[in-house]
Structure formats: C-alpha cells, structure tokens
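Note sheet for the following structure.
The values are calculated or read from the model by the stated rules, or taken from the named source; none is laboratory data. All values derive from a computational prediction rather than experimental measurement. When we count neighbours, we look across all protein chains shown, and the Cβ atoms used for this are built from the backbone with ideal geometry, even at glycine. These area figures cover heavy atoms from the full protein model, side chains too; ligands, DNA and RNA do not enter into them. Shrake-Rupley method; radii C 1.70, N 1.55, O 1.52, S 1.80 Å.
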Amino acid sequence: MTVAEADALTVEFAGEEFSVEPDTVFTVGREGDLAIDDNLFLHRNFLTIQNVDGLWLLSNVGSRLSATVTDSGGRVQAWLAPGARLPLVFAATSVIFSAGPTTYELTIHASEPTFRESQPPAEDDGLSTIGEVPLTHSQRVMILALAEPVLRRDGTGMSELPTSAQAAERLGWTLTRFNRKLDNVCDKLDKIGVPGMRGGVRSYATNRRVRLVEHAIAARLVTREDLPLLDIEREASLGGQGTPADDDA
C-alpha cells in the first residue's frame, strides 16, 4: 500500500478527535497538531505519527519522557523511549505517558488495521497478576489509590496523580505502610523487566508512582470496576479491621 492509498488515522483525546492524513506528520506535545496541555514538564514536540511506505509509525521525538503503548485489550504492551518508534497495527492503540505529576492518555484508531484478532481473548480467571507476580489485596488497593483519578476519568484525557501521602490517606493507611507496599510492588515489577520502576535519587519517588500507574492502566491490572474496593479498604482500616496477614506482602 502506498502512502497515497493509506487510510487516515483518528486520534482521540479528551473527547476530541483529530484526523491524521497519510501525507502529513501529526505532532503531539505542548505545541503541534494536538497541543494537549500547557505543562512545562511536557516536550513542545513529544510524539509524531506519520505514514512511511504504507505503514503508520508512532515516534518519540522527545529527549526525556517515555510512553507506554498498548492495544485496546491490554494484551500487548511496549515502552516507547526517546528516539524509538513503533508501528501502529491495531484497530485501537492506547498511548499513556506522564509529565511531572500529570498522566495523559490518548487513543489512536485505525479504520484498516494491519493486525486483526483471529480469536476472542481468553476468559478472565479472576486472578490479578503482573506477569508471573500475583497481587495481594493490599498491593491491589495501593495501586488503585494511585490510579483512581485516571480510572474515574471518562475516556481519554489528563489526570493529576495523588502523592503517596494523599493515597495513603485515601486508604486509611499510614504513610509508612503505603511506602512499604509501593516499594514491594516496584521491586517485583523491576525484577520481571518492567521498565521505569527505578530512577535517579531526585526523581525516583515521583517516577515510580507515575510509571506504576501507566503500567497498571495499560496492562489492565486495575479497572474502574475495582474502585469500590477503596472505600471498603478505608472503612476496614479506620475501623481496625484491616488485613494484617497481607501486611508484609
């Protein structure tokens, strides 16, 4: 398929849709075709979408930020680092990234995707896992407390992530307990190769929280249907009925 014959893509963000024509370069950042936010942590030009020899490519043209790219079902996930590019082969591709404390999500729709599912996804067995690492109840609600603003948002858009202190208060936990859970989950993810779970001394505290939320949302580790667990956990914690057997996990 030549560039002239390629179908246009549609980028969806915060209730708006933008058409990407095959003979153009579509730019996402503080400026460009999709100027998503006046956030100084965000590159002026961060992502580009263009058609090269009939194949749509998503490129990271920034110098610091990375993005998580996943299919709509969360079954395929890729880490798009600065200078990297990926083919857009799915009918719907989610792109999640953070700049400072703000997390953004946009969806790229293709009317004629290169890849089509040949069989329905397997039934969920009710277990929550990160790769081969199972999530305990307390680890799951810890992630939920951080991801709550993203999960409550309708569709794509931007969300301000809570601090660790705010997330701990949401659960009725001490900050010490929350940080212990956060350390544990980030260590497990790091060991199985999930990128971005470690960082420099100054940036680590913020980076691990936002990266954990990106990964959890992209991999569907937590969903909007899980949000009632937050109120249940808070009531149990403040009422002294927490789950101490799960406390060291």
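Data for the structure
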| read-out | value |
| --- | --- |
| Of all residues making up region 14-37, the number that are among the acidic types (Asp, Glu) and over 17 Å from Tyr104 (Cα atoms) | 2 |
| Count of residues meeting criterion [within 21 Å of Asp7 (Cβ to Cβ), under 19 Å from the mean Cα position of the chain (by Cα) and in a loop (DSSP other than H, G, I, E, B)] in region 43-78 | 1 |
| Any chance Thr223 is under 18 Å from Gln77 (Cβ atoms), surrounded by 15 or more Cβ atoms within 10 Å (Cβ to Cβ) and hydroxyl-bearing (Ser, Thr, Tyr) | no |
| Verdict on Gly32 being at positive phi, assigned to a loop (DSSP other than H, G, I, E, B) and open to solvent by 60 Å² or more (accessible area, probe 1.4 Å) | no |
| Residue that is nearest to Arg209 (Cα to Cα) [pool: residues in region 79-104 that are open to solvent by 30 Å² or more (accessible area, probe 1.4 Å) and in a strand (DSSP E or B)] | Trp79 |
| Filter result for Val185 (under 18 Å from Phe41 (Cα atoms), in a helix (DSSP H, G or I) and open to solvent by less than 50 Å² (accessible area, probe 1.4 Å)) | no |
| Residue count for region 46-78, restricted to those that are open to solvent by 50 Å² or more (accessible area, probe 1.4 Å) and among the acidic types (Asp, Glu) | 1 |
| Residue within region 216-225 that is at pLDDT 85 or above and farther than 24 Å from Leu80 by Cβ present | yes |
| Inter-residue pairs, beta-carbon under 8 Å, first within 18 Å of Thr156 (Cα to Cα) and in region 37-50, second surrounded by fewer than 16 Cβ atoms within 10 Å (Cβ to Cβ) and among the small types (Gly, Ala, Ser), 6+ apart | Asn39/Gly100; Leu42/Gly100 |
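Let's see how each residue does on (1) assigned to a helix (DSSP H, G or I); (2) modelled with pLDDT of 95 or more; (3) surrounded by 14 or more Cβ atoms within 10 Å (Cβ to Cβ); (4) acidic (Asp, Glu):
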residue	(1), (2), (3), (4)
Gly155	no, no, no, no
Pro162	no, no, yes, no
Glu169	yes, yes, yes, yes
Trp173	no, yes, yes, no
Thr176	yes, yes, no, no
Leu189	yes, no, yes, no
Gly193	no, no, no, no
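A quick yes/no check of all residues on (1) in contact with a strand residue (DSSP E or B) (Cβ under 6 Å, 6 or more places away or on another chain); (2) at pLDDT 95 or above; (3) of a type in the set (Asp, Glu); (4) farther than 22 Å from Leu221 by Cβ:
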| site | (1), (2), (3), (4) |
| --- | --- |
| Thr48 | yes, yes, no, yes |
| Val52 | no, no, no, yes |
| Ala67 | yes, no, no, no |
| Thr70 | yes, no, no, no |
